[in-house]
Amino acid sequence: MNVESKLKLSFMETITYKSTIDAPAKKVWDTMLNADTYKQWVSKSWPNSSYEGKWQEGTQIRFTGPGGGGTLAELVEVKPHKRVLARHIAILLDGGKEDRTSEMAKGWIGITEAYDFIEENGKTTVVVTIETNPEWKKMFDDGWPTALEELKKLSERKLQTA
């Protein structure tokens, strides 16, 4: 790890968001990560967002918005119904072109997002833990609480109609 990478990591900030959902972990996992329901809950905070890829450890996944811009992440850890850990490795410009060298990309690369699913007595607590540069904290603070509330609604509704 070079000096610049070590310096950047020392400025990372950990932020956490939680939601307890009245549904088993498998149901919450499926609702959170299924392509169709993903678009529904994430759109409450990041309209018209989606992903391309599979939720498999060691693969890359593209989180995109309108025009193909977004971020590229590597799935470092995937334990079904328990945990996902993604590390962002590039930003995606409109049209989907990868950017790893701009100042914006350098400020984004290395951010991690972990989603933990903790089931107890038929309820699941989803814990989202993000290691981020402070410049991105407001975006996450503005988005994740609303997105998790929608995930809760969809997971609980989906359980009732399943």
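Values as computed for the structure displayed
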item: Between 0 and 90°, nearest 10: helix 137-161 axis offset from the chain longest Cα axis; result: 30
item: Sequence-distant residues sharing a close amide H with Y51 (under 5 Å, placed H); result: T64
item: Magnitude of the charge dipole, the stretch 66-162, Cβ model with Lys/Arg +1 and Asp/Glu -1, debye to 20; result: 280
item: GNM top mover of G68, G53, G110 - the chain, alpha-carbon springs below 10 Å; result: G53
item: Estimated FRET transfer efficiency when R0 is 35 angstrom, pair D142-N121 (beta carbons, to 0.05); result: 0.65
item: Gain on full stretching of the segment that runs from S102 to E52 - 0.36 nm per residue minus C-alpha separation; result: 15.7 nm
item: GNM top mover of D22, D142, D116 - the chain, alpha-carbon springs below 10 Å; result: D142
item: Unit charges on C-beta of K, R, D, E only; dipole of the chain, Debye; result: 300
item: Lys/Arg +1, Asp/Glu -1 at C-beta; the stretch 3-161 dipole; positive extreme among N34, G65, G96; result: N34
item: Residue with peak Gaussian network fluctuation, the chain [Cα springs, cutoff 10 Å], from E120, E77, E131; result: E120
item: Share antiparallel - DSSP beta bridges, the stretch 3-161, percent rounded to 5; result: 100
item: Counted charge near R62, where neighbours are those whose Cβ lies closer than 10 Å (Asp, Glu -1; Lys, Arg +1); result: -2
item: Gain upon complete extension [K82, T59; 0.36 nm per residue less C-alpha separation]; result: 6.5 nm
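Values quoted throughout were computed directly from the atomic coordinates according to the rules given, and no laboratory measurement underlies them. Since we're looking at a predicted model, the values are computed, not measured. Backbone-built Cβ (ideal geometry, glycine too); neighbour counts: all protein chains shown.
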